[in-house]
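A.B. asks: Handing you this structure, nothing more for now.
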Amino acid sequence: MGGRWEVGVIKRLPIPVTSQLQMASVSKAAQEIHDAKASWDRGSEVSTKFVSPWLLNEGEHRPSDDLASRLDRLATREISQEAHIRRLYSKLNDEVYQLYGIADAIRATIEETLGDRSPEILWPQMEGKTPDQKRMEHVFRLLSYAVKRVIEADDDGILPYSPAAGEPRLVDRVRHELSALFPGRDANQLEVEITNELKRSVKGYRKTNSIAEWLDNVFFEYHAALYRNRPIYWHLASAQGTASFAFGALVHYHRFDKNRMAKLRSSYLRDAVEELKREAALAGKENRAEDRLDLQAKVEEAQAFDRKLQHIQEGHHEGPDGGERDYRILTPWKTPDERPKGWDPDIDDGVKVNIEPLEKASVLRIAKVT
């Protein structure tokens, strides 16, 4: 057909004349395949059908189940459901060939000519991955969901990693959220179980020793990959890679407008710098010279971070347009009057455009996400 859909082309399609019972059988098999995949998608954060992670599926687990039991049950369910949809697909193929009256010998020729078809997959994003990789993905999805719930419920969409502006540190808020998600479990035991999973060496997944370390060094990189380099939650930090940072915060991109950029600098970051200065002064009074030097270095790091944010906020520009020292949001398709002045992002311009000044200024926890 060559991608043509004119009336005449459609009219020439061979439609088998069949009984209502036969068509109902074909329809039923196709619907069951759809329903199995749709049910699984309810646990995928990036699906439009998403409800909650697989580990929280109320129809699958009991409130008192430990994490290992839930993970084992999910692995068994995936294998079972995948086998089910493959049997249905095989049945569907058989019935369609019969409807068209295609003999077995001709069917064999058709299938040989077409070659192997990829098997039906319940979880396409994890096709070809090992059971250990799928297990770790479930744990990462659970933690990602906890972060999502915390930041979505926050008043201004700014979550500091350390206490600032009267707000607790991010890890404490995530722990509280996990406790709420598992009301039948002891919170400390649950954290031990999650941490034991995070400590495992699994190809493609960064090993960490705690939920706090996962939030510091893994979350943003994982979140960006999960959302195909169009992250919704941005980890702004005074240091990149996995180095410790003097200041860090998660911000909700959809709410991180010019007012919240100003609030990040004038409230959260300023409060954090003042606290570091107080700690450095106290260390000096107590003759803890090494601690004082370390804290003073953090003060300077946070202040340098603030200067970078100021460049973004003001739309600072040096050198050629679009160069490495151009911190404007570049929207050449707009008229000069329509283009943002400083940090004033338009969500409709897309993540790639709006995140670029932050990448150039090196204020994101990972160097590049676009």
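A.B. asks: Only residues that are open to solvent by 10 Å² or more (accessible area, probe 1.4 Å) and not in a helix (DSSP H, G or I): list them for the range 253-262, please.
C.D. replies: ASP257 - this is the single residue of the range 253-262 that is open to solvent by 10 Å² or more (accessible area, probe 1.4 Å) and not in a helix (DSSP H, G or I).
A.B. asks: Return yes or no: is LYS368 modelled with pLDDT under 95 and either of a type in the set (Lys, Arg) or touching a strand residue (DSSP E or B) at 6+ places or on another chain (Cβ under 6 Å) (or both)? Even if it seems obvious, please write down each step before you answer.
C.D. replies: Values: modelled with pLDDT under 95: yes; either of a type in the set (Lys, Arg) or touching a strand residue (DSSP E or B) at 6+ places or on another chain (Cβ under 6 Å) (or both): yes.
Spelling it out, LYS368 is indeed modelled with pLDDT under 95 and either of a type in the set (Lys, Arg) or touching a strand residue (DSSP E or B) at 6+ places or on another chain (Cβ under 6 Å) (or both).
A.B. asks: Next question, about the same structure. Could you tell me which numbered condition GLN240 fails, if it satisfies all but one of (1) polar (S, T, N, Q); (2) open to solvent by less than 50 Å² (accessible area, probe 1.4 Å); (3) modelled with pLDDT under 95?
C.D. replies: GLN240 satisfies every listed condition except (2).
A.B. asks: From the set of residues in the range 178-191 that are assigned to a loop (DSSP other than H, G, I, E, B) and modelled with pLDDT of 95 or more, which is nearest to the chain's Cα centre (by Cα)?
C.D. replies: Within the range 178-191, the first condition is being assigned to a loop (DSSP other than H, G, I, E, B), and the residues that meet it are 182-186.
Now restrict to residues that are modelled with pLDDT of 95 or more: 182, 186.
Working: PHE182: 21, ASP186: 27 Å.
In this case the residue turns out to be PHE182.
Okay, residues lined up against (1) crowded, with 17+ Cβ neighbours inside 10 Å; (2) not hydroxyl-bearing (Ser, Thr, Tyr):
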site	(1), (2)
ASP306	yes, yes
GLY323	no, yes
THR335	no, no
SER362	no, no
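A.B. asks: Which ones in the range 192-203 are open to solvent by 30 Å² or more (accessible area, probe 1.4 Å) and more than 21 Å from the chain's Cα centre (by Cα)? Break it down stepwise before answering.
C.D. replies: Narrowing the range 192-203 to residues open to solvent by 30 Å² or more (accessible area, probe 1.4 Å): 192, 196, 199-201, 203.
Matches in the range 192-203: VAL192, ASN196.
A.B. asks: May I ask you to list pairs of residues, at least six apart or on different chains, whose Cβ atoms are under 8 Å apart, with the first in the range 124-145 being touching a residue at least 24 places away in the same chain (Cβ under 8 Å) and more than 20 Å from PHE50 (Cβ to Cβ) and the second being aromatic (Phe, Trp, Tyr) and open to solvent by 50 Å² or more (accessible area, probe 1.4 Å)?
C.D. replies: Close Cβ pairs (under 8 Å, with a partner that is aromatic (Phe, Trp, Tyr) and open to solvent by 50 Å² or more (accessible area, probe 1.4 Å)) do not exist here.
A.B. asks: Same structure again: Mind checking which residues of the range 31-67 are of a type in the set (Ser, Thr, Tyr), over 25 Å from GLU191 (Cβ atoms) and exposed (fewer than 13 other Cβ atoms within 10 Å of the Cβ)? Even if it seems obvious, please write down each step before you answer.
C.D. replies: Taking the range 31-67 as the starting set, the residues that turn out to be of a type in the set (Ser, Thr, Tyr) are 39, 44, 47-48, 52, 64.
If we keep only those that are over 25 Å from GLU191 (Cβ atoms) too, we end up with 39, 47-48.
Of everything in the range 31-67, just one residue is of a type in the set (Ser, Thr, Tyr), over 25 Å from GLU191 (Cβ atoms) and exposed (fewer than 13 other Cβ atoms within 10 Å of the Cβ), namely THR48.
A.B. asks: So the check is Cβ under 7 Å with 6+ separation or different chains; which pairs have a first residue in the range 102-123 that's in contact (Cβ under 8 Å) with a residue 12 or more places away in the chain and a second one that's of a type in the set (Ser, Thr, Tyr) and assigned to a helix (DSSP H, G or I)?
C.D. replies: What qualifies is GLU120/TYR89.
A.B. asks: If I filter the range 277-295 for residues that are open to solvent by less than 60 Å² (accessible area, probe 1.4 Å), within 21 Å of HIS235 (Cα to Cα) and touching a helix residue (DSSP H, G or I) at 6+ places or on another chain (Cβ under 6 Å), do I get at least one hit?
C.D. replies: no
A.B. asks: Do the conditions hold for ALA304, that is, is it in contact (Cβ under 8 Å) with a residue 40 or more places away in the chain, in a helix (DSSP H, G or I) and either of a type in the set (A, V, I, L, M, F, W, C) or over 24 Å from ASP344 (Cα atoms) (or both)?
C.D. replies: Details: in contact (Cβ under 8 Å) with a residue 40 or more places away in the chain: yes; in a helix (DSSP H, G or I): yes; either of a type in the set (A, V, I, L, M, F, W, C) or over 24 Å from ASP344 (Cα atoms) (or both): yes.
Yes; evaluated as a whole, the condition is true for this residue.
The values are calculated or read from the model by the stated rules, or taken from the named source; none is laboratory data. Keep in mind that this is a model prediction, so the values were computed, not measured. FYI the Cβ positions are ideal-geometry reconstructions off the backbone, even for glycines, and counts take in every protein chain you see. Surface areas here come from the heavy atoms of the whole protein model, side chains and all, with no ligands, DNA or RNA. Shrake-Rupley method; radii C 1.70, N 1.55, O 1.52, S 1.80 Å.
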